[in-house]
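Following: one structure in structure tokens, then a few remarks.
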Amino acid sequence: MKRAKAFLSTFLLALFVYLSLTLAAGMPEYSMAPEEPWSQIIWSFEEFVLGISVSLIVASLVDHILCRTEDFRMMNPVRWGIILVYSIPLFIEMAKANLDVAYRIITGKIEPAIVKIEPDLESDLGLTFLANSITLTPGTLTVDIDDKKSEMYIHWIKIGEDPTENIAGRFVKWIRRFAE
Amino acid sequence: MIELTTAFYAAALAIALYIIICALRVFLGPSAADRTVALDTINTLVIGGMIALGAAMMETLFIDIAIVYAILSFITTLFIAKYLEGGVS
Amino acid sequence: MPGLVQIIQFLILIGLMMTAVAVIIFKDLISAAIALGASSLLLSLEFFVLRAPDVAIAEAAVGAALTTAIFIFAIKATERKEGYE
Amino acid sequence: MSFDIMLHTPTFILAMPLLFAFLTILVSKFSKKFGEMTFLLGLLLTGFFVFLMSYRIFTDGGWIYTFGAEEVTTRNFFRITFIADGFAALATITIAITAIAAGIYSFGYLEKEMSSDKFYTLFLLTLGGVNGMVLTGDLFNLFVWFEVTSVASCALVAYENYRGRSVEAALKYMVLSTVGGLVVLFSIGLLYGQYGVLNYALLSGSISRTFLDKLALALLLVIFAMKASSVPMHMWAPDAYGEAPGPATPFIAITSLGSLFVLFRLLFGVFGVGIDTAAIGAILVILGVLSMFVGVTMALVQNDLKRLIAYLSVSQMGYMMMAVGVGLATLNTVEYQNFGELAMKGGLFHMINDGVYKALLFLSAVAVIHKTDLRSLNDLGGLAHKMPYTTMFFLVGALSIAGIPPMSGFSSKLLIYQSVYLYNPILAVIALVVSIITFAIMGKVFFNAFLGPDQGLTDGEVSNVMLSGMAILTAVVILFTLFPNLVVSEIVTPAIEALTGGVLP
Amino acid sequence: MNWKMSRIVRTVTDFLVVPIVIFGIYLILHGHLTPGGGFQGGAVVASATALLIIAYGTLGRHKKDLSTIEAIGLILFISIALLGIGSTMFYNFLAGTGGMFGGTVEGINSGYINTGGTVTLMNLAVGIEVSAALSLILWMMSKETGIMKPEKKTSKTESKEVEN
Amino acid sequence: MTWPMMVILILLIISVIFNALGTIGLHRFPDVYTRLHAATKCTTFGTIFMTFTVMAYSIRRYVIMTDGTKFLNMAIHTFVALIALLITNPTGAHAIARAAHKMGIKPEKAVKDDLEDKESEVS
Amino acid sequence: MKKAIAILAFLIIFAFLILGAVEMRPFGEPEQEDMDDYFLGDSQPHNQVNNVVTAVLFDYRGLDTLGEATILFSAVVGVLTVLRETQKKGGEDV
Amino acid sequence: MIDIVLEGIWSPIVFILVILITTLVAYILYEMGNPSYKRTKHKGEPFISGNRPPKDIRKIHVPGDNLFWGFTEALKNYFEPLVEGHTGKLNDYMYWVVITLAVVLIYIYMAV
Amino acid sequence: MTLESILMTLPYITVVVLFSLGLFTVLFKKNLIKIIMGIALMQNGANLFLVSLAYRRGEYAPIFTSAESTDMVMPTAHALTLTSIVIGVATTALLLSFVIMIKRHYGSINTDDVRRCKE
């Protein structure tokens, strides 16, 4: 069962990537009937066949890499929708932090420190999302992460109060929705 | 259309200038880590420049190169980082 | 009057020469490998500007990523500093 | 037009070694025996196709093989072409004889090795590379096969990786080859930038005396002379020959002979038309004389058996370069009829001779080293008591390389003496002196290693497989000894006609 | 010496391997339409191997077959080349026949995958060969460095050579 | 100068400005970590804007000017590049920072270093 | 002494190469382009390949590609050979 | 049949025949000359350059260094720099290549 | 020398500089890995040379997929460059594995020490 789920999820990811790469590479234009313009947009039959067979091969080869654990939560499409929504607050945070860092670059006012935060997340995926979000917002940078516990060490360009809340608090509540 | 193409070219020109400035950090950087940071910055800038140039030349094909670069530069960075993690041997 | 593309090319070529000089003068081999990677990268960009997408991909994949990796492996297996010291 | 297998032989000469190289490493995963069989089959098939191609060339004349064309006879010089003419036949015959003998020999040598499949694979790859190098009619393709040869033969040199010297020699050889390959690539770029073509035939029509042509000519000349181990760029050769694993040694030597073939092809076929040949011939003569003299004097002070033969091989390369250089220098003058052609005959005949007896010498020296684990002449001695056959084979090779009548070495050297004397008497005198010193050196080696009281260094003769490998070469040497006229008229003369007649057959 | 990199890198590696491999195969299969081809795609696939090596210190379960795969790729390549021997070696005997990869194409177009004849097949063969070869090089080099986890000494094939 | 062109130009200018800031920061900041802040993050942000620009541009060419599917293809490939950038870049920055810390580079002018304390406790 | 001569020789070569670069035809304006125009024109009618570089690589100059793949193969076999685990046959080699 | 045509080149068959005949004649003469010589076991002691040979026959071995020693000693001025020149350093190998390249470049530029 | 003419020859000058820098490294540096880096630089120079020979001003990439017209840069040199890039990585890998073995046998990668084969 686990193997089947892993195979299926790898297959779907592979097929998704392949099809999105070959989108809009349909039939050649001159052989296209004028009444069906979509045949140019979507995929040709051969493309589909190749995509599915390639995905099958890849899935059978590397399925043990994508799914190392028994955790198949991310197969739920709702969670991917939440990730898309999450990108909006992330982007806003990034913009704000970028302006802040731009100010610091010009004035040179920095007060760096490495602080420890303890977000309340368990899964690898959630922690990775959090760490990458933290790293993407300028001003904070994940230096290290504990292999076992949910502890991170953040390089903060301007030290402030209550690091766990100030750095991670905004992201954690979003990440918990799709990764936990 | 011509204006936008020129704008993309101008952006690419600016990015090329930044790359030169970053290459200066490759020269100066006191430690290997600083040089790696500079290399990483150059990587990101090159991806941006490639995308801009691809749009300016109006060839989709050129975006593929940016994707390849985005993935592979990451691997280079990881290799150097792993070496540096091992300490000075 | 040279066009914008030529000036971009000019800058890239200058950067290429700079990094090539850096490869030679660094005593620290890992820094030299980093400079070599940067040089490969700029070369790839130059190929891009010269409208050779195939070559640019190959140089990006092989020259910048794999060659650097192999160099780092070799440096790890031998020694890091140039010269006796 | 019906399918004519004879016309496709150049392809197979190239493709068979490569295909069987890939097969060998695959088959060896299942059984070592099958791997050896595959290797031998590849060698024999290559030899068979070489025979077929040469037969067709000697009976019906040469042709040009265009890759990817709809018919063999299509002469599309924008595609890659192979030139199957007398010169290619001469080269491939030399290579095939050596390869088959060394291949058979290697079965005995590598009996106890575990990873011998890699050796066989690399051997076949080198064979394919050299064959491609001498057959090709395209400049960039030449570079590719040049690199195949370099990479495969360097890996072959480093096969005994438990010996530091072996790896060191491989590294030096490889660095020089790679730098050389890059210089060749640069000069290909120079030519392509000017004329926009890469084929020998098209290039030879358009090359003139521009600065860039001269630059490209100088770069190509020096690099191929370096690969042909010409003094003063010969220093990699003793290292590589000396440290290569036994059966591969003659084959490493063959790669430099192949480079010499290519050099001649380039000088005559591509540059000979548009550029003053007298001056280039003079360069070849100077390099040749230097090689002869320095090589032989360095061999005089050597004590390591294989390095000594390596230096002698450098010296023999000098003969060929000098002889063909004389031919090139007189190419477009009246003197060519007088003695130039004779010099060419001598040079090319010496090439095929040299390829064979040098291989014989190397193989018998390796047999000695294999049995005794000693390389220095200070330690060796009295081997003739226990190894009579090896002694005999070595004697044949030694007499031949020293140019003692009636051996085959003498017949080619005689031609060289005669013709070079007419060009410049001093050269002939130097050649004679070198020949005499060679004889002295061979006497020293023979006296030291084989004669004298039995030292108890070995417990018997090498295995029969190894002996049969050497026997093949001995038979060929004796054949050349007995019928030099036949060889000159049947093999060497078509080669000279092909070489001087331009690229088109 | 810690062979694994940090948790973040490992998670990202796990996620990235499949897209990288697919992207490499996309480059290989569309070599006759878009920039790319056997070499580039093979190199990208091999970079997935590099990623695994660097993140985990081992290569998983497929490393034994790499040289076999490589030889098979090359044999495929040379066989396809030799199949054209009815005309000459490297003759494109599939192009324009309408069968497998035999579609016709003219003028400037957005690309149709069922074209190219033997070129597409050769791309595939070279892609297999290059990806296996570069992975093998990376693996062999990394074994020497101590970056990788040392192999357990179970093989008796190579160590026997000491005796002779 | 229509409004889509205005939008595209503004996005482009933002991207160039942020890239410039990153490059300046690479030279102005004193040590590895702060340089990482400036260089990697600002240039990533700038490059994200560059991808937005190109996506807007190609969608405009596809939808408004109907220049063919190759612009749709371009938009999608640019999006893939954006995703790749978003995943790889912060991870690379993290790897460099961790490596620098393990090498023993101290953060300059640092007020507090929890990681240092932890490592010294362990050893 | 030898090094000084080598530096001199290197400078001479450098000078020649620079001269060659100056003598080279102007950048971007090739004079002879028959071969490439042939490939560009022939690639679609004959091979049905859109990417002309691939057509050149695998059809017109397929033999180069074979050689190149062979080089990669040789290099891999070489690396396998050089880095295989063996020990000294006995005795120090000097 | 083997053709023994002299084409201005070297004809080994004649040479070998001549050698064989000469050897045969010499052997016949030799046999004729000493019909009454008695072969005995007695031999004189071996005597090498005024020294008695060692008892162990294996010691009668001249190492390779000693042969042509006089020759190399006499031409010391030629051999010493030559042997010194082969340093075994990779850089030196490259030096020679570059020097030759420079010389050939100048020569070809001037002469061709 | 106008700006135009400098820009016209700058690619070739860069090629020569890269090539010579590589050659310089191979000639005068003692460290083997540095020498191999020099070889890599020479490869870069040769590749750049071939690609810059292929350029035709103001023309398109040699791919018919969504190109604007058939005025394309020259494809042959691109194919040659691809070949030489792969050759480059193969030779580099082999050379570096030699260096690793040298380090194991000699304990040094300086050319002054790696000279057991001499005379």
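Send over the semi-axes of segment D:33-83's equivalent ellipsoid, whole angstrom and largest first, taken as the square roots of 5 times the C-alpha gyration tensor eigenvalues.
29, 16, 7
Can you tell me the mean projection area, over all orientations, of the convex hull of segment D:372-505's alpha carbons? Units nm², please.
With the hull built on Cα positions only, its mean projection is 10.9 nm².
Any number yet on Rg/Rh for segment I:1-74, C-alpha, Kirkwood?
Ratio value, two decimals: 1.17.
For chain F, what are the DSSP H helices with axial Cα length of 27 Å or more and mean Kyte-Doolittle hydropathy of at least -0.5?
F:3-28, F:42-63, F:69-103
Across peptide A:115-124, how many C-beta atoms of other chains are within 10 Å of each residue C-beta, on average?
2
Taking +1 at the Cβ of each Lys and Arg and -1 at the Cβ of each Asp and Glu, which of E:ILE28, A:THR137, D:VAL157 sits farthest along the dipole of the protein assembly as shown towards its positive end, judged by Cα position relative to the Cα centre?
Result: D:VAL157.
Calculate the dipole size of chain F relative to its Cα centre from +1 charges on Lys and Arg beta carbons and -1 charges on Asp and Glu beta carbons; express the result in debye to the nearest 20.
The dipole of chain F has a size of about 440 debye.
Springs between alpha-carbon atoms under 10 Å, Gaussian network over chain G: tell me which of G:LEU72, G:LEU57, G:LEU80 tops the mean-square fluctuations.
G:LEU80
Any chance you could give the angle, 0 to 90 degrees and rounded to 10, that helix G:2-23 forms with the longest Cα principal axis of chain G?
The two axes meet at around 10 degrees.
So, with +1 on the Cβ of K and R and -1 on the Cβ of D and E, and no other charges, what is the size of the charge dipole of segment I:1-103 about its Cα centre, to the nearest 20 debye?
Here segment I:1-103 has a charge dipole of around 680 debye.
In a Gaussian network model over chain B where Cα atoms closer than 10 Å are linked, find which of B:ALA14, B:ALA66, B:ALA56 has the largest mean-square fluctuation.
B:ALA14
I'd like the residues of segment A:131-148 whose 1.4 Å-probe accessible area shrinks by no less than 20 Å² going from the isolated chain to the full set of protein chains.
SASA drop of 20 Å² or more in segment A:131-148: A:ASN132, A:THR135, A:LEU136, A:PRO138, A:LEU141, A:THR142, A:VAL143, A:ASP144, A:ILE145, A:ASP146, A:ASP147.
For segment I:3-116, build the charge dipole from Cβ charges (+1 Lys, Arg; -1 Asp, Glu) around the Cα centre, then report which of I:HIS78, I:PHE24, I:PRO11 sits farthest towards its positive end.
Of I:HIS78, I:PHE24, I:PRO11, it is I:PHE24.
Over the alpha-carbon set of the protein assembly as shown, divide Rg by the Kirkwood Rh and report the Rg/Rh ratio to two decimals.
Rg divided by Rh gives 1.00.
Against the longest alpha carbon principal axis of chain A, how many degrees, from 0 to 90 and to the nearest 10, is the axis of helix A:45-66 turned?
Relative to chain A, helix A:45-66 is tipped by roughly 40 degrees.
Is the C-alpha gyration tensor of segment A:77-179 telling us rounded, prolate or oblate? Criteria: a/c under 1.5 is rounded; beyond that, a/b larger than b/c is prolate, otherwise oblate.
Oblate.
With runs of 4+ DSSP H residues as the only contributors, calculate the mean residue ellipticity of chain D at 222 nm using -39,500 (n - 2.57) per run, divided by the residue total and rounded to the nearest 500.
Taking each H run of at least 4 residues, the total per residue is -24000 deg cm²/dmol.
Quick one: grab Rg to one decimal and Dmax as a whole number for segment B:4-85, Cα atoms only, in Å.
Cα radius of gyration and Dmax of segment B:4-85 are 14.2, 45 Å respectively.
No solvent, one uniform scatterer per C-alpha: report log10 I(q)/I(0) for segment E:7-151 via the Debye equation at q = 0.11, 0.19 1/Å, two decimals.
After summing over all Cα pairs, the log10 values are -0.50, -1.08.
Hey, what number do you get for chain F at 222 nm if only DSSP H runs of n ≥ 4 count, each worth -39500 (n - 2.57), divided across all residues, to the nearest 500?
-27000 deg cm²/dmol, from helical runs alone.
How many square angstrom of accessible surface are buried between B and C, both sides summed, with a 1.4 Å probe and rounding to 100?
Roughly 3700 Å² of accessible surface disappears when B and C pair.
Could you look at the protein assembly as shown and say what percent of its accessible area is carbon and sulfur, using a 1.4 Å probe and all protein chains?
Roughly 65 percent of what the probe reaches on the protein assembly as shown is carbon or sulfur.
Tilt of helix A:77-107 relative to the longest C-alpha principal axis of chain A, in degrees (0 to 90, nearest 10)?
Result, in degrees: 50.
Quick test of the membrane-span-like rule: which DSSP H helices of chain C reach at least 24 Å along their long axis (C-alpha atoms) with mean Kyte hydropathy at least 0.5?
C:4-25, C:29-49
From zero up to wherever the largest Cα-Cα distance of segment D:419-497 sits, split into 10 Å bins and tell me the percent of pairs in each.
14, 19, 38, 19, 9, 1
Ignoring ligands, DNA and RNA, what accessible area per residue does chain D give at 1.4 Å, in Å²?
With all protein chains present, chain D gives 23 Å² per residue.
Just want the answer: with Cβ charges of +1 for Lys and Arg and -1 for Asp and Glu, which residue in G:VAL49, G:ILE12, G:LEU80 is farthest toward the dipole's positive end in chain G?
G:LEU80
Here is the link list: E:LYS143/I:LYS30; A:LYS116/F:LYS41; D:LYS33/D:LYS386; C:LYS81/F:LYS102; D:LYS306/I:LYS34. Which ones come out longer than 28 Å on Cα distance?
D:LYS33/D:LYS386; D:LYS306/I:LYS34
What ranking, highest mean first, results for peptides E:127-139, D:185-197 when packing means the other Cβ atoms within 10 Å averaged over each residue?
E:127-139, D:185-197
Using a Gaussian network model on chain F with a 10 Å cutoff between Cα atoms, which of F:THR91, F:THR40, F:THR78 fluctuates the most?
Between F:THR91, F:THR40, F:THR78, it is F:THR91 that shows the largest mean-square fluctuation.
Quick one: what do you get for chain C if you divide its Cα Rg by 2.2 N^0.38 Å?
For chain C, the normalised Cα radius of gyration is 1.26.
What nm distance separates the two modelled labels at G:ALA15 and E:THR104, each placed 7 Å from Cα along Cα→Cβ?
Once both label points are built, they end up 6.2 nm from each other.
Over all directions, the average projected area of the alpha-carbon convex hull for chain F comes to how many nm²?
Result: 9.7 nm².
Under the classification rounded if a/c is under 1.5, otherwise prolate if a/b is larger than b/c and oblate if not, where does segment E:96-144 fall, given a ≥ b ≥ c as square roots of the Cα gyration tensor eigenvalues?
Prolate is the answer for segment E:96-144, as a/c is 1.5 or above and a/b outweighs b/c.
What is the Cα coordinate range of chain G on the first, second and third principal axes, sorted by size from largest, in whole angstrom?
Cα extents, longest axis first: 66, 42, 14 Å.
So what's chain D giving for Rg/Rh, alpha carbon basis, Kirkwood Rh from the mean inverse pair distance?
0.95
Would you calculate, for chain A, the mean residue ellipticity at 222 nm contributed by helices, counting each DSSP H stretch of 4 or more residues as -39,500 (n - 2.57) and dividing by all residues, to the nearest 500?
For chain A, the value works out to -19000 deg cm²/dmol.
Is there a quick way to get the dipole size of chain D? I mean about its Cα centre, with the Cβ of Lys and Arg at +1 and of Asp and Glu at -1; what is the value in debye to the nearest 20?
480 debye
Let me make sure I get this right: for segment D:276-505, a, b and c are the square roots of the gyration tensor eigenvalues over alpha carbons, sorted descending. Under 1.5 in a/c it's rounded, otherwise prolate if a/b > b/c, else oblate. Which is it?
prolate
Cα convex hull of chain A: how many Å³ per residue?
It is 169 Å³ per residue.
The values are calculated or read from the model by the stated rules, or taken from the named source; none is laboratory data. As the structure is a prediction and not an experimental result, all values here were calculated from the model. Here Cβ is always computed from backbone atoms with ideal geometry, including for glycine, and neighbour counts include all displayed protein chains. Ligands, DNA and RNA are excluded from the accessible area calculation, which covers all protein heavy atoms including side chains. Shrake-Rupley method; radii C 1.70, N 1.55, O 1.52, S 1.80 Å.
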